[in-house]
Every structure is written in C-alpha cells, then in structure tokens.
Amino acid sequence: MLLPRAETATRLPLWAATGSPPAATPRIVALGGGTGLPVLLRGLRDALPTGSRGTVPVERESLTAIVTVADDGGSSGRLREAYGMQAPGDIRNCLLALSDGDPMLATLFDYRFDGGGDVAGHSLGNLILAALTELESRFDRAVDRAGDLLGTRGRVLPATAAAVGLVAEFDDGSHIEGESRIAAIRRPIRSVRLQPCDVAPVPQAVAAVEAADCVVIGPGSLYTSLIPILLVGSLTEAIARSRARVVLVMNLMTEPGETDDYSAQDHVRALRAHAPRLPIHDVILNRTPVPKPLRQRYAAEGARPLAADPAAVSALGCGIWTADLLAAGDKVRHDPHKLARAVLDVAGRPWPA
C-alpha cells in the first residue's frame, strides 16, 4: 500500500483489485548503478506485462535501464585498463536482473573466478562483455548482444560510449580521481565531476528518456552511481524537456564516506546542485523501521537509517509517497517487488492539479 504523506485513508495500489497492471503499460526509464538499480529492475521485470506491439516486445519498449560506466575498481577496472573499454560490472548486474532466458547462461554470466591466476577476481560476464565489445567494435552493441543472449525483459544501455572517470572534490578543497577511491577518503564531498567532462550520452538513452512516461532515479550511491549519470552531456536536458514524471527512490541507509549524516532533503539538494535543470516530481520513502539488530550492526560500520522529514522534502517542491519497501533478511535492502509496485503506483497516479 502506497500513501502520500498527507493521506490517511486506506488506498490500495492502482491495480491491486485485479491483480494485474494497467493495460496502458507506462514506459519506464531507470537510472543508476551499483547494487540499487538491479533491485528495482528485478521487481519491474516481474511486474511489467509481456507480449508484443507488432514485432517489438512490450518489455523492450516499456523498461530501459541507463547505467553508469564510471566504475574503475575490481574486475571492471582491470578490463578498462587492459582494453580501454567502459566499465562492464554495473551493466552486467543490470543485465542479470532483467534476464529471463536460460538460467544456466545467467549463472555463467554471474560466475566469478577465484584462485591466483590471471582471471582471478574476474566475473565471466565481464569477460564476455569485453569479448563482445571486441567483436562488435562498440560497447553499446556488445551490451545489446549480451541482452539477447540472456533474454532480458527490457533494455540495458550504458550512459555514454566514452571511457569516463570520476573526480571528487571534498569540503577541504582536496581532490581525488577514481570512483572506487572516493568513499574510502571519508571526507565530506563537495562535488563530483566526470573526466573528461564533455562526454555525450548514447543516442538510444536520449531517445528512451524523451519517450518515457516515468524516469526513476535510484536507489543507489548518491555521488558514485546517481549523479555521474546526470552529468553525462545532454541527458539531464533530455529529462527536463520530456513529459516524464521523475521519481526519486530514496535510499534506506546513509553510506559511509558518501552520505554520512545526510537526510533525504540533502539528497535532493545534492542532485539539484549537480543538475540544476533536473525536475524531481516525486520522492518515494520507506516507512518501515529497520530492526534494531540490523541498525546496531550497520552503526558499527558507520551507517544509519536515512532521516527523512517529509515536510522538508515537500518544501523542496517534491510530492511525497511512503510505502513499506524493506526486504526481509540480514541486510538492509529494498524489496524488489515492493519497490516495483510503489514505482508503478506513483507512475500511474494522476498529476497533481
């Protein structure tokens, strides 16, 4: 059940009475990376209907993920250095989240080598994407081909075809290069920028945004997953001129080294500081308390439940929606199906008068 902040009457999700989504399936574009975006994609993969419009599968039109490629750590960083390609790791995770084909092939894509050899630490899916990039001569084509192999319900796109890095400036005026190094510094972040800073988005990403009914930002690491996408060339301008409803899914916890002591309204302000033209029409907040044992465990690592003052967020011009989004288990995570229902419910609501 999803309720606006000021609403007290019980209201079921838009399609709860029939158990199926509305006939007019919204076109959803989801932006992000890391561990947050795949959670949303898994839920939307199962929630959106299948079928076709002519020769085009409904899910290929209805769901597009635009993924950051600024990661430079681990297997992705090694492949970037060796082949000059875009970071494949977040792309691979999103492809797997949307996979609806042969389960064994998905298992192979997700397999990670251990031991001490040259391939130790590499994901097989990352190596396949590197090989496909060599064969197709373009990373975006390689991602499309991998989506075909995995039978994805929806499309995954890199935010840009350029090999980009991330630079952070801290409050004390110091800088550091490299997405994987930013949080480890543990200083308040003033801003981030791409390097080079004038990269263009892939044309398919701009086209998807312009045709979208709803653009979803998050959940995900604010400075290393969400903001880097909004810094890609004309992508934010495409969102601003589109007719899409822009929905921000707020994180459940603060992130040590990135958002220490941040509130929900601080997230909104940071997004707008980096992308002033970005509209944020709605914010989805979790209303379910994190169990005390989990809070204590995360507190030992420097994280806490994200503080959210609905009135303060509303004062920034955003509609407020709350829902039970917490997954069961020993980690604080969004539940993919609860989150997908919340996003589809907000996307289907009438615009405020």
Computed from the coordinates I sent, Cα Rg over 2.2 N^0.38 Å equals one of [x] 1.00; [y] 0.95; [z] 1.21. Tell me the label.
[y]
Please report how far the C-alpha centroid of the stretch 93-119 lies from that of the stretch 275-317, rounded to the nearest whole angstrom.
32 Å
What relative contact order, as a whole-number percentage, does the chain give when Cα pairs under 8 Å and 6 or more residues apart are counted?
20 percent
Express the relative contact order of the stretch 55-194 as a whole percentage, based on alpha carbon pairs under 8 Å and six or more residues apart in sequence.
29 percent
For A308, other-chain or 5+-apart residues with amide H closer than 5 Å (H placed, Pro excluded) are A264
C-alpha center-to-center spacing [the stretch 169-236, the stretch 143-162] in angstrom
20 Å
Around L285, which amide H atoms from residues at least 5 apart in sequence, or from another chain, sit under 5 Å from its own amide H, with H modelled in the peptide plane?
W321, T322, A323
Calculated [θ] (222 nm, deg cm²/dmol) that DSSP helices of n ≥ 4 give over the chain, each run adding -39,500 (n - 2.57):
-10500 deg cm²/dmol
Any residue on another chain or 5+ positions along whose placed amide H is under 5 Å from the amide H of V246 is listed here as V215, H281, D282
What share of the DSSP beta bridges in the chain is antiparallel, in percent to the nearest 5?
40 percent
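Taken together, the values in this text are just the output of simple stated rules run on the coordinates, not laboratory data. What you see is a predicted model; the values in this text were computed from it and never measured.
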